[in-house]
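To start, the structure itself, in structure tokens.
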Amino acid sequence: MRKPIIAGNWKMNKTPSEATALVQELKPLVKEANCDVVVCVPAVDIPAVKQAVRGSKIKVGAQNVHFAASGAYTGELSAAMLKETGVDYVIIGHSERRQYFGETDATVNQRVLAAVKAGLKVILCVGEKKEEREAGYTDALVEYQTLIALTGLEPNDVKNIIIAYEPVWAIGTGLTATDEQANETIGVIRAALARKYGKAIANKVRIQYGGSMKPGNVKGLMAQPEIDGGLIGGASLKAADFAAIVNYDK
Ligand code: PGA
């Protein structure tokens, strides 16, 4: 049995003081969670959020990491820097990074390797655009994105990877993949992992769905056998909504 993991992706929202307030509101609401609970926050919010989550089971993540250990990369953050702030997770390869900041499958791979080496757990995002789904490329594309991102990773490190299947057309649009669509594509990702690493390892990898997940659709998605959690954008910015998602099984 894979333990579900629900993660919030706050994107570029909340100042440190606003972040503290949101976590304080969230804490009592997720006390009884049966899943892993993570908030992936803007880098400048990490110290405040680490402080605020004390005494709760909420873990903290970052939203991106550079692949180099250090050097002349103005504006970037290394895996060691993030690790020292106390984050446990980092999102890599989010479609917004790919779309607006020129990240490619090759640099996503480098980031994954750097993060794992530093001892971070990775939430690796993959997913197709609308026209790619319509053209029938979804399965090939998510398999390719996943396997390239993990190239060079030791089988023993696959346990540090969580995959978020996020159809780009469902992110922030209010559109969600149907429960069956999400389950089927996540099944394709798991089958690709099984071919590469064997079934035993593939069956342990947690694969989330992301894209307009909210209190109203979480139950149906989580009832699917392949779906092990969610990566939540918009709905993670409201404590009551995020808590309702975390407590989907109650
Ligand atoms: P959304 O974002 O829940 O607002 O669609 C999900 C994501 O981008 O991770």
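The values are calculated or read from the model by the stated rules, or taken from the named source; none is laboratory data. Remember, it's a predicted structure, so these values are computed and weren't measured experimentally. Because the Cβ atoms are built from the backbone with ideal geometry, glycine has one as well, and the counts that use them run over all protein chains shown. Protein only, heavy atoms only, side chains kept; ligands, DNA and RNA dropped before computing areas. Shrake-Rupley method; radii C 1.70, N 1.55, O 1.52, S 1.80 Å.
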Do you know the relative contact order of the range 206-246, to the nearest whole percent, from alpha carbon pairs under 8 angstrom that are 6+ apart? 48 percent
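Can you give me the convex hull volume of the Cα atoms of the range 155-250, divided per residue and expressed in Å³? Could you put the intermediate results ahead of the total?
Details: hull volume 9.4 nm³, N = 96.
It comes to 98 Å³ per residue, whole-number rounded.
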For the range 7-21, Karplus-derived ³J(HN,Hα) couplings (6.51, -1.76, 1.60; θ = phi - 60°; whole Hz; x for glycine and proline) come out as 10, x, 10, 6, 6, 8, 9, 5, 6, x, 5, 5, 5, 4, 4
Can you compute the helix-only [θ] at 222 nm over the chain? Use -39500 (n - 2.57) per DSSP H run of at least 4 residues, normalise by all residues, nearest 500 deg cm²/dmol. -11500 deg cm²/dmol
With only alpha-carbon atoms counted, please give the Rg and Dmax of the range 206-250, in Å. 9.5, 27
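Counting heavy atoms of the protein chains only and a 1.4 Å probe, report the per residue accessible area for the chain as a whole number of Å².
On the way: 11210 Å² over 250 residues.
Roughly 45 Å² per residue, with all protein chains present.
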Only Cα pairs under 8 Å and at least 6 apart count here; give the relative contact order of the chain as a rounded whole percent. 22 percent
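Given a cut-off of under 8 Å on Cα pairs at least six residues apart, what relative contact order in percent is computed for the range 70-150?
Working: 77 pairs, mean separation 26.9, N = 81.
That works out to 33 percent.
For a Förster distance of 22 Å, can you work out the FRET efficiency between the beta-carbons of A135 and T173, rounded to the nearest 0.05?
Details: r = 19 Å, r/R0 = 0.86.
That gives a FRET efficiency of 0.70.
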At R0 = 41 Å the Cβ-Cβ FRET efficiency linking T74 and K3, nearest 0.05, sits at 0.60
What trypsin sites (Lys or Arg not before Pro) does the range 122-231 have in DSSP loop regions with at most 14 other beta carbons within 10 Å? K204
State the percentage of accessible surface on the range 1-152 attributable to carbon and sulfur atoms; use a 1.4 Å probe and exclude ligands, DNA and RNA. 55 percent
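First compute the accessible area of the range 165-250 with a 1.4 Å probe, then give the percent of it belonging to carbon and sulfur atoms. Please report the intermediate quantities before stating the final value.
Details: 1860 of 3330 Å².
About 56 percent, which is the carbon plus sulfur part of the accessible surface.
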Mind putting together the pair-distance distribution for the range 1-69? All Cα pairs, 5 Å bins, whole percent per bin, short to long. 3, 17, 28, 24, 15, 8, 4, 1
hull vol. (C-alpha, convex hull) per residue for the range 109-152, Å³ -> 58 Å³
Pairwise over distinct Cα atoms, reciprocal of the mean inverse distance: report the Kirkwood radius of the chain in Å, one decimal place. 17.9 Å
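Kindly provide the Kirkwood hydrodynamic radius of the range 26-99 in Å, to one decimal, from all pairs of distinct alpha carbon atoms. Write down the numbers at each step before the final one.
Numbers: mean 1/r = 0.0744 Å⁻¹.
Roughly 13.4 Å, rounded to one decimal.
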Restricting the calculation to Cα positions, tell me the Rg (one decimal) and the Dmax (whole number) of the range 120-208 in Å. 12.8, 37
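May I ask you to give the average projected area over all directions of the convex hull of the Cα atoms of the range 63-131, in nm² rounded to one decimal? Display every interim value, and only then the final one.
Numbers: hull surface 18.8 nm².
With every direction weighted equally, the projected area is 4.7 nm².
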Inter-label distance, nm, simple model (7 Å from Cα along the C-beta direction), K57/E25: 2.3 nm
Separation between the Y144 and K117 pseudo-spin-labels, each 7 Å from Cα along Cα→Cβ, expressed in nm? 2.7 nm
